[in-house]
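Below you'll find the structure, written out as structure tokens, and then a few comments.
Each reported figure results from applying straightforward, stated rules to the coordinates on display, with no laboratory input. Since we're looking at a predicted model, the values are computed, not measured. Ideal geometry is used to build each Cβ from the backbone, glycine not excepted, and the neighbour counts take in all protein chains shown.
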Amino acid sequence: MIQRVIRLRQLRWLSVISALVLAGCSSDWMLARERSEQANTTPPLHYKDDILAFMHTYLNDPNGVRDAFVSEPALRTLNNVNRYVVCLRYNARKSDGRYAGRKDSLVLFRDGRLDRIIDNARGQCKDAAYQPFHALEQLSR
């Protein structure tokens, strides 16, 4: 009987300790997520250089890009997360040398650095204030 009481007390303490540990993990996770979301609001300082470096490797033929335009970074909410985005418009060559046609892309930034590019973003960039992006037109291999 005494052993049973001791085991019950041990189980109670174990459950209390487990609850406290899980509560600590939960708050750490929430703090990490909050910090991550705040980090997404770091403006990209060298966004044009980041885009150029990415496009140099992304395009099959970086030579002769035409009609290149870029917008200023803007803070938007995507999938319930605030992040800086840039709209990019350009006409690049396909692997056979012909031009593929105008392409609108949405460039996403995380922690002030280029995270990824989403193609076919014409609807998301319809109101963008584009500026000429001559540096993209001057890319070479």
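Values as computed for the structure displayed
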read-out	value
Convex hull volume per residue for the stretch 47-137, taking Cα atoms only, in Å³	88 Å³
Per-peptide average of other Cβ atoms within 10 Å, ordering 68-74, 125-131, 109-115, 79-85 highest first	68-74, 109-115, 79-85, 125-131
Integer Hz, Karplus 6.51/-1.76/1.60 couplings in order for the stretch 59-67, x for Gly and Pro	7, 4, 9, x, 6, x, 5, 10, 6
Residue among Tyr130, Ala100, Val81 farthest towards the positive dipole end of the stretch 47-137, charges placed on Cβ	Ala100
